[in-house]
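Taken together, the values in this text are just the output of simple stated rules run on the coordinates, not laboratory data. Just so you know, these numbers come straight off a predicted model, no measurement behind them. Glycine also receives a Cβ, built like all others from the backbone with ideal geometry; neighbour counts cover every protein chain displayed.
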Amino acid sequence: MSYMDVAVPSIPAKFKSEKSYHHHHHRFLRWHHFSFPKLLTLSFFAAAILFAFFLISPHSSSAVSRSSPTTERRSLRTSSSAAWGGPEWEKHVRSSARIRRRPFGISVLVTGAAGFVGTHASNALRRRGDGVVGLDNFNNYYDPSLKRARQALLSKSGVFLVEGDINDALLLSKLFDLVTFTHVLHLAAQAGVRYAMVNPGSYVRSNVAGLVSILEAARSATSQPAIVWASSSSVYGLNTQVPFSESHRTDRPASLYAASKKAGEEIAHVYNHIYGLSITGLRFFTVYGPWGRPDMAYFFFTRDILAGKSITIFEGSDGATIARDFTYIDDIVQGCLASLDTAQKSTGSGGTKQGPAQLRVFNLGNTSPVPVVELVAILERHLKMKAKRKVVKMPRNGDVQFTHANISLAKKELGYHPTTNLQTGLKKFVKWYLTYYAPPSGSYLNKKGRSGSSSNSS
Ligand SMILES: NC(=O)c1ccc[n+]([C@@H]2O[C@H](COP(=O)([O-])OP(=O)(O)OC[C@H]3O[C@@H](n4cnc5c(N)ncnc54)[C@H](O)[C@@H]3O)[C@@H](O)[C@H]2O)c1
């Protein structure tokens with residue numbers, strides 16, 4: 001509605017308001033003719049009618065007394081725009097959490113389940129018969145319709161996705177009341193390195209406060225779940241030793257995103273130490289694949305090449321090439337599931353530690369960094385189109401020049417073995433992209449992700 005619409009009422013509205021002014025003015029004059037006792041009697045009757053209405057209404061005191069104030073607040077609370085709670089909702093949560101694989105099945109709360117990694121991981125768990133309940137706030141950091149499409153995919157395979165925020169303590173406590181989760185796969189986060197310069201608060205809310213909120217709920221649960229959560233390769237920051245190993249320095253982050261993940265690793269240490277929570281942090285290295293994130297270079301390069309737009313490729317200050325250890329989504333999912341399967345039980349109960357608990361950190365990468373120019377060349381081959389390249393010096397925006405994972409620890413402890421190279425993985429991505437975004441018109445322009453340039457590692 002424009003300013004004009006508000007400021008100048010239409011003729012019928014003007015007519016209506018004038019008419020109602022006369023009507024009310026007339027009634028006001030009539031009230032003046034009432035005596036004071038008459039007014040008092042009328043007020044008494046009005047109050048009595050209101051009181052009777054209150055007694056018979058569904059929100060009357062008798063209804064409130066049946067449920068505790070906490071339950072009342074919980075069931076009425078809304079997260080993002082959607083309400084949660086109620087018998088139907090509880091039924092969905094319980095049924096989705098049910099383990100169908102005996103005797104070794106697990107029941108997992110997956111946060112960030114409408115996200116890229118969360119959707120794939122939830123699906124994989126569900127496929128092998130584990131109980132899975134998803135949680136996501138469907139924020140609009142990138143096109144939420146992609147998150148809704150992933151939700152539809154999960155719903156088809158029987159995974160219920162709760163719409164809510166990880167900072168909603170009441171929602172978390174309700175979920176832990178309803179289900180005895182054996183594990184939490186915590187993937188919800190504000191991702192992206194460069195966006196931290198636009199919206200720093202969202203990193204603090206989701207990656208720091210949100211992680212604490214999840215750990216608080218887990219440590220207070222009567223039966224504490226084991227936690228597996230996504231840290232990031234970005235914690236290596238300005239580290240120059242390659243390949244990056246878990247024993248290397250991680251105290252020189254280059255972005256607020258990296259700092260928030262590093263903070264998460266320290267917070268994990270505290271909850272392990274005080275409350276006996278079993279916690280595994282996974283440092284993912286540039287994950288890509290079908291249903292991926294539109295803010296990542298391989299994704300928006302594909303979109304822009306198809307649209308005939310030029311793509312911006314960064315190079316290092318000394319002309320050095322930018323390289324990433326691109327890791328295919330199925331390999332990452334394999335690492336997540338192996339982490340869940342090898343996680344020991346938390347040792348605390350209801351907030352009290354009973355003994356030392358497991359605390360682990362693993363690199364999940366591919367061990368073969370690929371220059372971004374090579375990524376573009378592979379995309380050109382798969383898309384059968386030439387990219388219009390624009391090469392510029394990398395600005396200081398939080399990105400690092402290269403990432404390279406040493407995965408020997410994950411190999412040894414988790415049996416982690418990445419099997420997909422970039423050539424094969426991008427072929428699968430492009431196939432998905434063309435199917436998902438191909439509009440009937442044949443143009444790929446009408447569904448877009450967040451735009452950007454060059455390589456993005458988180
Ligand atoms: N994809 C990568 O290359 C990569 C690399 C390193 C680390 N990671 C980490 O892995 C995890 C998953 O990443 P992804 O690529 O799937 O990202 P994603 O953005 O696709 O998924 C994250 C999901 O979390 C949800 N979310 C964010 N804040 C939330 C909140 N406060 N409450 C509830 N839901 C919230 C978002 O709506 C989103 O659906 C993240 O923790 C990310 O930081 C990813």
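What whole-number distance in Å separates the alpha-carbon centres of region 333-385 and region 401-428? One Cα centre to the other: 9 Å. Placing dummy labels 7 Å off each Cα toward the beta-carbon, the span from Arg252 to Thr352 is 4.6 nm.
With a Förster radius of 41 Å applied to the beta-carbon distance between Lys393 and Leu153, the computed FRET efficiency rounds to 0.55.
Relative protection proxy for 100-107, 163-170, from highest mean packing down: 163-170, 100-107 (other beta-carbon atoms within 10 angstrom). Which pairs in the list Lys262/Lys353; Lys147/Lys427; Lys262/Lys428 are over 26 Å apart, alpha-carbon to alpha-carbon? In this structure, Lys262/Lys428 exceed 26 Å between Cα atoms.
Report note on the peptides 179-187, 195-203: ranked by the mean count of other C-beta atoms within 10 Å, highest first, their order is 179-187, 195-203. Nearest 0.05, what FRET efficiency do His92 and Thr222 give at R0 = 25 Å with Cβ-Cβ as r? FRET efficiency, His92 to Thr222: 0.65. Straight Cα distances below 18 angstrom link Lys261 to the aspartates and glutamates Glu216, Glu246, Asp251, Asp399, with same-chain residues fewer than 8 positions distant left out.
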